[in-house]
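The values are calculated or read from the model by the stated rules, or taken from the named source; none is laboratory data. A quick note: this is a predicted structure, and the numbers were derived from the prediction, not measured. Note that each Cβ is placed from the backbone with ideal geometry, even for glycine, and that neighbours are counted across all protein chains shown.
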Amino acid sequence: MASGMLGTAITGLQAFQRSLETTSHNISNVNTEGYSRQRVDLVTKKEQMIGVGYLGTGVSINNISRSYDQFLTTQLRSSTSAFGDVDKYRELSIQVDDLLADPAVGIAPEIKKFFNSVNEVTDDPSSIAARQVMLSQGGILTSHFKTMNSRFEEMRSLVNDDLTVMTKEITSFAATIAELNQKIANAQGQASGDQQPNDLLDQRDTVLNQLAELIDVSVVPSNSNMVSVFIGKGQALVLDVNASKISTKPSDLDPSKLDIVLESPSGMAEVISNSLSGGAISGALRFRNEILDPAQQQLGRVAASIAMEVNNIHELGFDLDGNGPNNGTGATLFFSGMTSVPVTDSPQNSVTSNLVLAVTFDKTKLENIDFSDFKLEKLTSGVPNTYKFTREADDTSYTLNEVGGFLVPSGTDVLPGITIEVASGSAAVGDGFLIRPTYSAASNIGVNLTDPRQIAIATNAAKDNDGNSYVVLGPMPGDNRNGLLLAGLENKLGMIGGTASFHDSYSLVVSEVGVLTKSAKVGSTAQETLLNNAKSAWGNVSGVNLDEEAANLVKFQQSYQAAAQMISVSGTLFDSLLGAVN
């Protein structure tokens, strides 16, 4: 009897000692990120038959388990990824919104000031001072275009830096998960039952949450308590103990952009930029595609339209000394180089391709200038050669035919305010080119004239008293008819298919960015609420509650003391038995 009592008491001491140690472990990790509360699972030991019945033999420790809910953990990871996406998008979009609203670099006031200066010259065509102000305002306007475009380029560089840093972090997290998988599998192999390495599992869940902040992940359980992690459209980032690498590389057709590349352990590389969703890396890519690129391209459209429209009128006029197009000295107010459009060859083009394209703005169709980039791909060879022309902004496309050395659309389709000439060479079927009408226009614009006398405000066409037309030769200091045409451009609906003025078009850029930024702020606030709710739900199940742990300390301490008292009683009974025998 005494021996059974002693053995039972000892099992209680051991059980409550482990319970106190586990409670201490919980309290020590109350502020540890991702730590799940642990508890000692106790079961009664196998009873002993003593003739008159079965006698209990005490308690045993079945397992030390963590408070864990797979659904809540997955929900927390998903909410973390969604918030990382919208919050990064919000953070970056605010920068563009603030830039467009910044009066120091804003374009709208400078467009107005430039045309005010044109009106002043028109009011007094002979005034050198007014002409100089017009040149200065033109220079200020072009400077603002360049400044804003350079700020966009700075943001693009920051996005690239962000993407580079995030891909390195993702690679590091993937390697850590693979390493933890190995440790968990090894620890699982040492267990004889359902025992699990709780702290290692918590560490892996924490790394998975950190990974989810950067990129949306799908976690699939594997053998020996390991997990596999998939991203994008099912691309494997971690397979058990093998981790892939994520890196960046310049885009084939646009080196200023970085693409995201997944490199498997076998060395195979795949561009996955368009496959990613969720997490901060997706927010950065969405910002670049939905706000930064369109804003820069639409800014370029305004710059190109102003330069081309003004030049179209200015180069037909006559300056203060009577120089004009009739004697070969007609000048452009803005750089004539604005007419050319950049074209990039695809690195995947065939080795036999030597096609050279000359793309320029179409002076007669400036209202059709589009802000998007365009992909040109050779479809067929023959008479005529055909090409697929795709608008990158919405992936719509139509066919171009090579006619008389130019690529022209068929039917009712129209080119986006440009002409595409086959300057030389030929391309193989499948070869591609990127045409960027407005991307760099804001950085290329500038005032072409330095002498205010060269501003062409006059027109040499005149009529006599009988209504007969004649041409005026020589200086026309008081004539302002060409200036009136220039001034009229301010309110001309010559952009976006003839529906908007320069000011309207720029305001559209500002409003579109403003709407997207506001939407991002609302989305970020909503996702933050959902994330906090997910954290709260997870904490209710897995988090450490100090009040509960304090109560457990008292309970387990008293249980331990009671078990120790049983040992004391057992000792007293044994002493009494020895005394009786002696």
Which one of these does residue 42 not meet: (1) touching a helix residue (DSSP H, G or I) at 6+ places or on another chain (Cβ under 7 Å); (2) touching a residue at least 40 places away in the same chain (Cβ under 8 Å)? (2)
Within the group 474, 497, 446, which residue is modelled with pLDDT under 90, outside the structural domain of residue 373 (by TED's automatic domain parsing) and over 15 Å from residue 323 (Cα atoms)? 497
Take residue 130 and tell me if it is outside any helix (DSSP H, G or I) and free of Cβ contacts under 8 Å to residues at least 24 places away in the same chain. no
Within the range 103-127, restricting to residues that are hydroxyl-bearing (Ser, Thr, Tyr) and either surrounded by fewer than 17 Cβ atoms within 10 Å (Cβ to Cβ) or touching a residue at least 40 places away in the same chain (Cβ under 8 Å) (or both), the one that is nearest to residue 478 (Cα to Cα) is 126
Test result for residue 397, of a type in the set (S, T, N, Q) and in a helix (DSSP H, G or I): no
Please go through the range 185-215 and give me each residue that is in a loop (DSSP other than H, G, I, E, B) and closer than 24 Å to residue 534 by Cα, ordered by number. 215
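Each row is one residue, and each column tells you yes or no for (1) at negative phi; (2) modelled with pLDDT of 90 or more; (3) touching a Gly at 6+ places or on another chain (Cβ under 9 Å).
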position: 205; (1), (2), (3): yes, yes, yes
position: 211; (1), (2), (3): yes, yes, yes
position: 214; (1), (2), (3): yes, yes, yes
position: 217; (1), (2), (3): yes, yes, yes
position: 223; (1), (2), (3): yes, no, no
position: 227; (1), (2), (3): yes, yes, no
position: 240; (1), (2), (3): no, yes, no
position: 248; (1), (2), (3): yes, yes, no
position: 255; (1), (2), (3): yes, no, no
How many residues are under 16 Å from residue 67 (Cβ atoms) and either acidic (Asp, Glu) or surrounded by fewer than 12 Cβ atoms within 10 Å (Cβ to Cβ) (or both) if we restrict to the range 540-556? 4
Please state which of the following conditions residue 64 fails to meet, knowing it meets all the rest: (1) touching a helix residue (DSSP H, G or I) at 6+ places or on another chain (Cβ under 8 Å); (2) part of a loop (DSSP other than H, G, I, E, B); (3) hydrophobic (A, V, I, L, M, F, W, C). (2)
Of the listed residues (237, 253), the one being within 21 Å of the chain's Cα centre (by Cα) and closer than 30 Å to residue 343 by Cβ is 253
Which one is farthest from residue 68 (Cα to Cα) among residues in the range 35-48 that are surrounded by 20 or more Cβ atoms within 10 Å (Cβ to Cβ) and out of contact with any Lys or Arg (no Cβ under 6 Å at 6 or more places or on another chain)? 35
What residue, of 522, 513, is touching a residue at least 40 places away in the same chain (Cβ under 8 Å) and farther than 22 Å from residue 134 by Cα? 513
Give the residue, chosen from 247, 218, 277, 282, that is under 30 Å from residue 90 (Cβ atoms), small (Gly, Ala, Ser) and in a loop (DSSP other than H, G, I, E, B). 277
